[in-house]
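Reviewing the structure listed below.
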Amino acid sequence: MKEVVVVGAGPAGSIAALVLARAGVAVRVIERARFPRDKLCGDTLNPGSLAILDRLGIADAVRAGARPVTGMVVTGPGASVSADYPRGLRGASMTRRELDLLLMNAALAAGARVDLGVTVREPLRDHDGNVIGVRVASDRHDTVMHAPLVIAADGRGSRLAAALRLSSFAKQPRRWAFGAYFTDVSGMTDRGEMHIRPDGYIGVAPLPGGLTNVAVVRESRRLPAPQTDQQAFVRETLGCDRELRDRFAGATQVSRVNVLGPLAVDGHTPGAPGLLLAGDAAGFVDPMTGDGLRFALRGGELAAHAALEELATGRPMYAALGAARRREFSAKWRVNRALRSIVGSTALLQLAATVSRHWPVPVEYLIGVAGDINLVQEGTASTEETGSHRGIGGNERKRGISITRG
């Protein structure tokens, strides 16, 4: 039996391995970290993400260890809008330390082999430039792994994608994220929070066990000075924020600050002969709508489906994968780019705040888009069956979304 090598055991890699293993493919997953491990992330799965996991039969295991998320709070200068997802839909919050381990174990249970603590050095190519495997290094020795097909799900800084010039860090925007966990934060609810500021934004998410995830995102020109203590940066940012400082006054920071950046990655093409890209390796758009995990999960599925077609036909499927990704994600990419433009412009931010104070419908719509609720039909993702990319309709809003203005 031919073996597919999947590089990376994050959400995209594990889902790709799970789908392939269930289809009877021999799968070997290579991961440089040793699980469980921490990962900077917003730690939330929106309703669209859970719908994917429902379809794969593993959402109940996630919900069992997660905290339900009912909607979102969005604030800006002088404005605050809160909304629940319609029709009683729920998202979930769980640390990546726990989620990634759960997804990897699901791939293992499906029959995939997982090798932890193994670093991929470079792709192996034949005389025609086709990828025929990878060169790896572990604690014991360096070796090569031959495979008819490789899926690179090794993150924003993918060595495989970089080696073949399939992706690169974007010149603009250049944003960095600073994340930490807190306890005893006042005013937390079952809604995720997005606090848009003139110099970036702050994401706040409720987690099980009284934990709160905080991610401060800033553009490179507004980053702390080199002499600044990065470990104090999140706490100092919260202490200077008029809307959040009182809520965090009695809070305790219980983790180190993790730093990630630059965030945005331009994906030029999602593969090459013998190689398919999944997750952030295929491109990363700063997910201001909090849907990064949906991109990863669905991207892993799409890569697995393309891999199955390539194994069956012997024809490279990276171009077809690119078309599928555009159909699936282009609308959300446009929303995120528009939001980045608003955050980057003080005038647009003030205009958006003024409009939302008097007319919350646009923000209400955004919260529905952020939750990918158009992909959920009776608890399942509808994308594969219908190709649906509909937004929130007026009738759905009247039945399910509640608005609170501040």
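The values are calculated or read from the model by the stated rules, or taken from the named source; none is laboratory data. Predicted, not measured: the structure shown is a model, and the values here were computed from it. Cβ sites come from the backbone with ideal geometry, for glycine too, and all protein chains shown count toward neighbours.
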| Just one of the numbered conditions (1) within 21 Å of Glu3 (Cβ to Cβ); (2) surrounded by fewer than 17 Cβ atoms within 10 Å (Cβ to Cβ); (3) of a type outside the set (Ser, Thr, Tyr) is not true of Ala152; which one? | (2)
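Just to verify a result, which residue in the range 172-212, among those that are hydrophobic (A, V, I, L, M, F, W, C) and outside any strand (DSSP E or B), is surrounded by the fewest Cβ atoms within 10 Å (Cβ to Cβ)? Before the answer, list the steps.
The initial filter retains those residues of the range 172-212 that are hydrophobic (A, V, I, L, M, F, W, C), namely 176-178, 180, 182, 185, 188, 194, 196, 202, 204-205, 207, 211.
Add one more test, that the residue is outside any strand (DSSP E or B), and what stays is 185, 188, 207.
Numbers: Val185: 20, Met188: 18, Leu207: 21.
In this case the residue turns out to be Met188.
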| Just a yes or no: is a residue in the range 261-274 under 19 Å from Thr44 (Cβ atoms), out of contact with any Asp or Glu (no Cβ under 8 Å at 6 or more places or on another chain) and modelled with pLDDT of 95 or more? | no
| said: Pull out all pairs, ordered by first then second residue, where Cβ-Cβ is under 7 Å, the residues are six or more apart or on different chains, the first lies in the range 197-223 and is farther than 21 Å from Phe182 by Cα, and the second is among the aromatic types (Phe, Trp, Tyr) and surrounded by fewer than 19 Cβ atoms within 10 Å (Cβ to Cβ). | reply: Ser220/Trp176; Leu223/Trp176
| How do the pairs read when you match residues in the range 310-334 that are closer than 14 Å to Gly271 by Cβ with residues anywhere that are modelled with pLDDT of 95 or more and of a type in the set (Phe, Trp, Tyr), using Cβ under 9 Å and keeping only pairs 6 or more apart or on different chains? | Glu310/Tyr318
| remark: If you go through Gly71, Gly91, the only one that is among the small types (Gly, Ala, Ser), touching a Leu at 6+ places or on another chain (Cβ under 6 Å) and closer than 30 Å to Gly192 by Cα is Gly91
| Among the residues of the range 231-281, which ones are β-branched (Val, Ile, Thr) and under 24 Å from Gly210 (Cα atoms)? | Val234, Thr237, Thr252, Val254, Val257, Val259
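Yes or no: Thr346 surrounded by fewer than 20 Cβ atoms within 10 Å (Cβ to Cβ), farther than 18 Å from Asn130 by Cα and either more than 20 Å from the chain's Cα centre (by Cα) or at pLDDT 95 or above (or both)? So that I can check it myself, show each step before the final result.
Working: surrounded by fewer than 20 Cβ atoms within 10 Å (Cβ to Cβ): yes; farther than 18 Å from Asn130 by Cα: yes; either more than 20 Å from the chain's Cα centre (by Cα) or at pLDDT 95 or above (or both): yes.
Taking the combined requirement at face value, the residue satisfies it.
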| query | Within the range 268-325, restricting attention to residues that are buried (at least 22 other Cβ atoms within 10 Å of the Cβ), on the phi > 0 side of the Ramachandran plot and outside any helix (DSSP H, G or I), which residue is nearest to the chain's Cα centre (by Cα)? | reply | Gly290
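Conditions tested, residue by residue: (1) surrounded by fewer than 19 Cβ atoms within 10 Å (Cβ to Cβ); (2) in contact (Cβ under 8 Å) with a residue 12 or more places away in the chain; (3) in a helix (DSSP H, G or I).
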site: Val5; (1), (2), (3): no, yes, no
site: Ala16; (1), (2), (3): no, yes, yes
site: Val29; (1), (2), (3): no, yes, no
site: Phe35; (1), (2), (3): yes, yes, no
site: Asp38; (1), (2), (3): yes, yes, no
site: Ser49; (1), (2), (3): no, yes, yes
site: Val62; (1), (2), (3): no, yes, yes
site: Met72; (1), (2), (3): no, yes, no
site: Ala83; (1), (2), (3): no, yes, no
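Would you point out which residue out of Val69, Val114 is touching a helix residue (DSSP H, G or I) at 6+ places or on another chain (Cβ under 7 Å) and aliphatic (A, V, I, L, M)? Quick ask: steps written out before the conclusion?
Details: Val69 fails: touching a helix residue (DSSP H, G or I) at 6+ places or on another chain (Cβ under 7 Å).
None of the other options fit; the residue is Val114.
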| task | Within the range 119-164, work out how many residues are without any contact (Cβ under 8 Å) to a residue 24 or more places away in the chain and among the aliphatic types (A, V, I, L, M). | result | 4
